[in-house]
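Chemist: Shown below is the structure under consideration.
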Amino acid sequence: MEKPLTKSLFCILTIAINVMMAQNNHTSPIVLVDPGHGGIDSGAISSKKQLEKDIVLKISKEMIRLNQLIFPEPLELYMTRYSDTLISLRDRGLLAKALGADLFVSVHGNHAPNPSAQGMEVFTWRPTSN
């Protein structure tokens, strides 16, 4: 695996751990990893003709693997999809609610018209007390 991809996965898991430490109600935080797109929804297509849905599924599976490999007490990780299937946005949310997820991480590989663009985006949401 390329070093930038490994660094990105490490960053994502580090963010997840920091969020969990602030609001953990479980002995092991529950994280739902959502590989974006799937099935007939390919997402973006890279300059090398790779489909976003395939790339983010590989990244998500690697997050699961690294979680078990790196952490002495791994996070409790689940995925919204484990194969090339299309899961509705509604069902993704229902799964997060059913699992009682502490964190929902949706993995995407956005497209940019500028070929030298790179980086990552992290969006968070915290419910209000009311």
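Chemist: Out of the range 32-41, which residues are among the small types (Gly, Ala, Ser) and crowded, with 17+ Cβ neighbours inside 10 Å?
Modeler: The answer is Gly36, Gly38.
Chemist: If you go through the range 83-107, how many residues are free of Cβ contacts under 8 Å to residues at least 12 places away in the same chain and among the aromatic types (Phe, Trp, Tyr)?
Modeler: Residues flagged as free of Cβ contacts under 8 Å to residues at least 12 places away in the same chain and among the aromatic types (Phe, Trp, Tyr) within the range 83-107 amount to 0.
Chemist: Which of the residues spanning the range 95-119 are open to solvent by 80 Å² or more (accessible area, probe 1.4 Å) and in a helix (DSSP H, G or I)?
Modeler: Lys97, Ala98, listed by residue number.
Chemist: Considering the range 88-105 alone, what residues qualify as being of a type in the set (A, V, I, L, M) and more than 17 Å from Gly43 (Cβ to Cβ)?
Modeler: Hits for the range 88-105 are Leu94, Leu95, Ala96, Ala98, Leu99, Ala101, Leu103.
Chemist: State whether the residues of the range 42-59 include one that is under 20 Å from Pro29 (Cα atoms), open to solvent by 40 Å² or more (accessible area, probe 1.4 Å) and of a type outside the set (S, T, N, Q).
Modeler: no
Chemist: Which ones in the range 67-85 are more than 13 Å from the chain's Cα centre (by Cα) and part of a helix (DSSP H, G or I)?
Modeler: Hits for the range 67-85 are Gln68, Leu69, Ile70.
Chemist: When residues of the range 66-91 are filtered for being farther than 19 Å from Gly36 by Cβ and open to solvent by 70 Å² or more (accessible area, probe 1.4 Å), how many remain?
Modeler: Total satisfying the criteria: 5.
The values are calculated or read from the model by the stated rules, or taken from the named source; none is laboratory data. Just so it is clear, the structure is predicted and the values come from calculations on it, not from any experiment. Methodologically, a virtual Cβ is constructed for each residue, glycine included, from the backbone with ideal geometry; neighbour enumeration extends over all protein chains shown. Surface accessibility is based on the protein's heavy atoms, side chains included, excluding ligands, DNA and RNA. Shrake-Rupley method; radii C 1.70, N 1.55, O 1.52, S 1.80 Å.
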